Amino acid sequence: MPKKTIQRFLPDHNKIKQQKSLKIFGSLLHDANLWHLNRRSARGAFSVGLFFAFIPVPFQMVLAAALAIPFRVNLPLSIALVWITNPLTMPPIFYASYQVGAFALGQEEQPFHFEASWNWLVESLSTIGPAFMVGSLICACLAAILGFFVIDFLWRRSVNKAWAERNQQSS
């Protein structure tokens, strides 16, 4: 069942409430809907978390929390899903986002060699930056939409399966 599987991986909500970076939300974190896990809150949390996982900005977790609160979706799940892009997965995900952006803008891929320097960052903003940002936005939207419908489907399938098993046992 998706609910039990998801709950196994979620962090404790008391630990999340005590995060220094989330203190800016104050009493908004006390809304019970942010901590409840049901089909509606899970599919919304997947959309929010996956969207911000593909957006290359700092403080992705804070942005995911900022969007999860007004949409009243599961906050821990939204924050946890942002970590799909972690130091190991960022290079291939962001390179794929760049390729999507280059394709969408009709540009040829430009060769580049990564350097951890300010000069490289400034120069790359004008060369590969537009394709990367457009691709990241496209991938973020697609991941959010896909995550919403996949979790909704899996949740419904799990509930239908549980009902069928319950009906079969009572017969």
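The values are calculated or read from the model by the stated rules, or taken from the named source; none is laboratory data. Keep in mind that this is a model prediction, so the values were computed, not measured. Here Cβ is always computed from backbone atoms with ideal geometry, including for glycine, and neighbour counts include all displayed protein chains. Just so you know, the surface numbers come from the protein's heavy atoms only, side chains and all, with ligands and any DNA or RNA stripped out. Shrake-Rupley method; radii C 1.70, N 1.55, O 1.52, S 1.80 Å.
Overview of values
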item: The lone exception for F132 - which of (1) more than 20 Å from I55 (Cα to Cα); (2) open to solvent by less than 100 Å² (accessible area, probe 1.4 Å); (3) in a helix (DSSP H, G or I) it fails; result: (1)
item: Filter result for L67 (of a type in the set (A, V, I, L, M), assigned to a helix (DSSP H, G or I), open to solvent by 50 Å² or more (accessible area, probe 1.4 Å) and within 18 Å of L37 (Cβ to Cβ)); result: yes
item: Residues of the range 135-148 that turn out to be open to solvent by 20 Å² or more (accessible area, probe 1.4 Å) and touching a Lys or Arg at 6+ places or on another chain (Cβ under 8 Å), as a count; result: 1
item: Hey, M90 surrounded by 15 or more Cβ atoms within 10 Å (Cβ to Cβ) and on the phi < 0 side of the Ramachandran plot or not; result: no
item: Any hit, the range 45-60, residues being free of Cβ contacts under 8 Å to residues at least 60 places away in the same chain, part of a helix (DSSP H, G or I), within 23 Å of W155 (Cβ to Cβ) and of a type outside the set (K, R); result: yes
item: Residue identified as at pLDDT below 90 and in a helix (DSSP H, G or I) among L125, L146, L142, L154; result: L125
